[in-house]
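K.L.:
One structure, pasted below without further comment.
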Amino acid sequence: MTTEKLFSERQHFKQIWLWVLLISINALFIYGLVRQVFLEQTFGDKPMSNRLLILLTSGALLLTLLFVFLRLDTVIQKDGVYYRFLPFQLTYKKISWDRISKSFVRQYNPIAEYGGWGIRIGIFGKGKAFNVSGNKGLQLVYDDGKKILLGTQRPEEIEQVLKQLGRLTNDN
């Protein structure tokens, strides 16, 4: 990225239900681990082996740690749109304006159109989506008809930048 940033957004997974679920799962596994491994009292009617309990507790903790570090970064510049979904994409992917035929902000249904949040592939020609929460996104349509949607929590600001650049298309 060499030109001035006209728009920059960093998003994390902040859904309360997700964090309650992850913390509850971790708490349950840690409780079971402490009870069975350290206090030597069985955990449950049919307890698993200590090794398996340690492995599953570690997996739950690693999954939670992954969600701590997951984030979507979106940058709009005069030469194009840049995005990355850390930790899966360490460098920004650039979409040059000359490859984009349409760009607009739209409301979408994350579950019905893309099967949820994250790095998603939509069904029925919806294209790819990169999102972490909410239901608004920057829809980009390539010259060849392929689509990509970048979720945003700041749709009005993106629309303003697209207007400023002369790149806002109302053909949604």
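K.L.:
Determine the dipole magnitude for segment 76-162: charges of +1 sit on the beta-carbon of Lys and Arg, -1 on that of Asp and Glu, nothing else is charged, the reference point is the Cα centre, and the result goes in debye to the nearest 20.
P.N.:
220
K.L.:
Using the Kirkwood radius over C-alpha pairs as Rh, can you work out the diffusion coefficient of segment 1-142 via Stokes-Einstein at 20 °C, viscosity 1.002 mPa s, in µm² per second?
P.N.:
Translational diffusion coefficient: 119 µm²/s.
K.L.:
Could you please rank Thr169, Thr152, placing first whichever residue has the fewest other Cβ atoms within 10 Å of its Cβ?
P.N.:
Lowest count first: Thr169, Thr152.
K.L.:
From the residues Leu6, Ile100, Ala129, which one has its Cα farthest along the dipole of the chain in the positive direction, the dipole being from +1 and -1 charges on Cβ of Lys/Arg and Asp/Glu about the Cα centre?
P.N.:
Ile100
K.L.:
Then there's this: At 18 angstrom or more along the helix axis (alpha-carbon based) and mean Kyte-Doolittle of 1.6 or higher, what helices does the chain contain? Whole DSSP H runs only.
P.N.:
Helices meeting the criterion: 16-33, 50-69.
K.L.:
In Å, the Kirkwood hydrodynamic radius of segment 12-69 over pairs of distinct alpha carbons? It would help to have the intermediate numbers written out before the result.
P.N.:
Working: mean 1/r = 0.0828 Å⁻¹.
Taking every pair of different Cα atoms in segment 12-69, averaging 1/r and inverting gives 12.1 Å.
K.L.:
Next question. Over 20 Å between Cα atoms, which of Lys78/Lys126; Lys128/Lys163; Lys5/Lys146; Lys93/Lys128; Lys14/Lys94; Lys102/Lys147 qualify?
P.N.:
Too far apart for the 20 Å limit: Lys78/Lys126; Lys128/Lys163; Lys5/Lys146; Lys14/Lys94.
K.L.:
Nothing charged except the Cβ atoms of Lys and Arg (+1) and of Asp and Glu (-1): what's the magnitude of the dipole of segment 1-49 about its Cα centre? Round to the nearest 20 debye.
P.N.:
60
K.L.:
Want the number for Arg71 to Ile111: 0.36 nm per residue separation, take away the alpha-carbon distance, what's left?
P.N.:
Working it through step by step, the gained length comes to 12.5 nm.
K.L.:
Then there is this: In percent, what relative contact order does segment 12-69 have, based on Cα pairs under 8 Å that are 6 or more apart in sequence?
P.N.:
Working: 29 pairs, mean separation 27.2, N = 58.
Here the relative contact order equals 47 percent.
Laboratory data are not the source of any read-out in this text; all were calculated from the coordinates shown. Computed from a predicted model, the values in this text were never measured in an experiment. Reconstructed Cβ throughout: ideal geometry from the backbone, glycine too, with neighbour counts over all protein chains shown.
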